[in-house]
Amino acid sequence: MAFEDLLNDPVIQKYLHELVGPTGMPVAAAPPDGEVTDEELAEELGLELNDVRRALFILYENDLATYRRVRDEDSGWLTYLWTFHYDNIPENLQEEMYRLLDALEEREEYERTHEFYLCEVCSIRFEFGEAMDFGFECPECGSPLEAMDNDRLRDAMDQRIEALRDELNVDVTG
C-alpha cells in the first residue's frame with residue numbers, strides 16, 4: 001500500500017485519530033517527508049508545542065515515528081529530529097484485531113458460562129451469585145430481579161468473532 005493510500009484509508013485515519021486524539025490529528029495526518037523538529041511542526045500546523053510533542057511521543061510509542069538527537073555545539077541544546085514510519089500501520093492494526101478477537105472470545109465465554117438477572121427498573125445486571133445474595137431483589141429500588149436471556153448479545157459476539165477470525169485467517173479446531 002502506497003504512503004498516500006495509507007493516509008486516505010478511513011480505517012487508518014480512524015486508527016491514527018484513536019491514537020493521538022483530535023488535537024494530535026493534524027500532526028499524524030500530514031507527516032512530512034524526511035526529518036522535522038517538533039518546533040517546525042508546531043509552527044507549520046499552527047499548534048501548541050505541547051500538543052505536537054504529545055502526538056509525536058504517542059506515534060513513537062506505537063513505532064510510527066522515530067527521532068534522532070542532535071546537540072548544538074554552541075548552546076549545548078538538544079534538538080530532536082523526527083521521522084515518520086507509517087509502513088508499520090498495517091501490522092499494528094492486525095495486532096489490534098488479534099487483541100480484540102482475544103477479548104471478544106473471553107467475554108463470550110463469560111457470557112456463556114454465567115447466569116444473569118436484571119432489574120428492569122434500574123437496568124442493572126447481576127450475576128446469579130449476586131442476585132442470590134440480594135434475595136433476587138434490586139439493592140437500588142427493591143424490584144424483583146428477572147432471569148436475563150443474553151442469547152442476542154452472545155449471537156452478536158459470535159458473529160463479530162467469526163468475522164474477525166475470517167479476516168485474520170484464524171482456523172479454529174476443536
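Quick notes
- Filtered residues of the range 84-125 (kept if small (Gly, Ala, Ser) and part of a helix (DSSP H, G or I)): Ala103
- Residue match in the range 119-132 (condition: of a type outside the set (Ser, Thr, Tyr), within 22 Å of Glu162 (Cβ to Cβ), under 30 Å from the mean Cα position of the chain (by Cα) and assigned by TED's automatic domain parsing to the domain that holds Leu164): no
Yes/no matrix, rows are residues, columns are (1) more than 27 Å from Pro144 (Cα to Cα); (2) of a type in the set (A, V, I, L, M):
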| position | (1), (2) |
| --- | --- |
| Asp63 | yes, no |
| Phe84 | yes, no |
| Ile89 | yes, yes |
| Leu93 | yes, yes |
| Arg107 | no, no |
| Glu120 | no, no |
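- Selection from the range 29-42 of residues that are at pLDDT below 90 and surrounded by 14 or more Cβ atoms within 10 Å (Cβ to Cβ): Ala29, Pro31
- Contact map, the range 113-138: residues that are acidic (Asp, Glu) paired with residues that are assigned to a strand (DSSP E or B), Cβ distance under 7 Å, separation 6+ or inter-chain. Pairs shown: Glu120/Glu146; Glu127/Phe116; Glu137/Pro144.
- Entry remark, the range 142-174: residues being within 13 Å of Glu105 (Cβ to Cβ) and outside any helix (DSSP H, G or I) number 3 in total.
- When Pro139 is tested against (1) in contact with a strand residue (DSSP E or B) (Cβ under 6 Å, 6 or more places away or on another chain); (2) outside any helix (DSSP H, G or I), exactly one condition is not met: (1).
Results for (1) closer than 18 Å to Val20 by Cβ; (2) assigned to a helix (DSSP H, G or I); (3) at pLDDT 90 or above; (4) acidic (Asp, Glu), shown as yes or no for each residue.
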residue: Glu44; (1), (2), (3), (4): yes, yes, yes, yes
residue: Leu47; (1), (2), (3), (4): yes, no, yes, no
residue: Val52; (1), (2), (3), (4): yes, yes, yes, no
residue: Leu56; (1), (2), (3), (4): yes, yes, yes, no
residue: Leu59; (1), (2), (3), (4): yes, yes, yes, no
residue: Thr66; (1), (2), (3), (4): yes, no, yes, no
residue: Val70; (1), (2), (3), (4): no, no, yes, no
residue: Trp82; (1), (2), (3), (4): yes, no, yes, no
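The values are calculated or read from the model by the stated rules, or taken from the named source; none is laboratory data. What you see is a predicted model; the values in this text were computed from it and never measured. Counting neighbours? That spans all protein chains shown, and the Cβs are built from the backbone with ideal geometry, glycine included.
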